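What follows is one structure encoded as structure tokens, with my remarks underneath.
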Amino acid sequence: MSNQFILFFILGASLFSCTVQKMEFNKNKVIAHRGAWKANILPQNSLASLQEAIDLNCEGSEFDVWMTSDGVLVVNHDADHEGMVIEETTYAELLEKPLPNGEKISTAEAYIEYGMQQKKTKLIFEIKPSRVSKAKGLELAEKSVAVVKKLGAEKWIDYITFDYDIGLRVISLDPKANVAYLMGDKTPQELKDNGFFGFDYNIKKVREHPEWIVEAKKLNMTVNVWTVNNEEDMRWLLDEDVDFITTDEPEKLFSIIQ
């Protein structure tokens, strides 16, 4: 074996190792709900709140996606933006009313591109159920997966949704995708049987069914709980060793963990 080949092999292995290292996301259980917005009074689901979640080194930052009347995927929690129903409004019309910090309401594509500039905080993509029709919700699911694939963002993205059919559609379009269900009306076994990688349930539902945490672990499924702002709940979930805790107050959760 020539010295040149050995040098090439070592350099190649080193480059591969560095690449893998750079793609290692944070592992601390902290998911910022709609970004980290509360402490600094930032607009929810804004790029500023996403950046704050990244700066805090959150494991993930959750964001919500709707589809406009002209088929554009936008990031917003509520069904309306400044009184305009998103599903009945064009993207151009939404741009006429900026967020309180001056940002324009972001497209899902631009939001994900922004998040992909770093490799530590995952992007938790909530696909909102359509209020227009089931078909519109499934179209949103298809477009969501398409934009993630277009950007090559699969490693950054975990999907969540309240609509079971939307979750199933995402799984069918990308069987390798991490998809969790939010509604709280399915057992871990039911979710496992349909290809979900975990459940993402409200703290009240998890308090009612703590056995689901144990069941999910046995099934090698993840457990996320929302929206947890109470210190007692945070400590209980940490004691239960859940995988993720979604909170409006990531700073508080970090102070408990540390």
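The table below gives the values:
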read-out	value
Packing-based ranking, highest mean first, of 82-90, 25-33 given that Cβ atoms within 10 Å are counted	25-33, 82-90
Axial C-alpha extent at least 24 Å, average Kyte-Doolittle at least 1.6 - helices from the chain (DSSP)	none
Full-extension gain in nm, GLU211 to PHE254, via 0.36 nm per residue minus C-alpha separation	12.9 nm
Relative contact order [Cα under 8 Å, 6+ residues apart], the chain, whole percent	17
Percent RCO, i.e. relative contact order, over the stretch 191-258, from Cα pairs under 8 Å lying at least 6 residues apart	29
Stretchable slack from LYS119 to ASN230, in nm (0.36 nm times residue separation minus alpha-carbon distance)	37.1 nm
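FYI, it's all coordinate maths here, none of it is from the lab. What you see is a predicted model, and the numbers here were worked out from it, not measured in a lab. Glycine also receives a Cβ, built like all others from the backbone with ideal geometry; neighbour counts cover every protein chain displayed.
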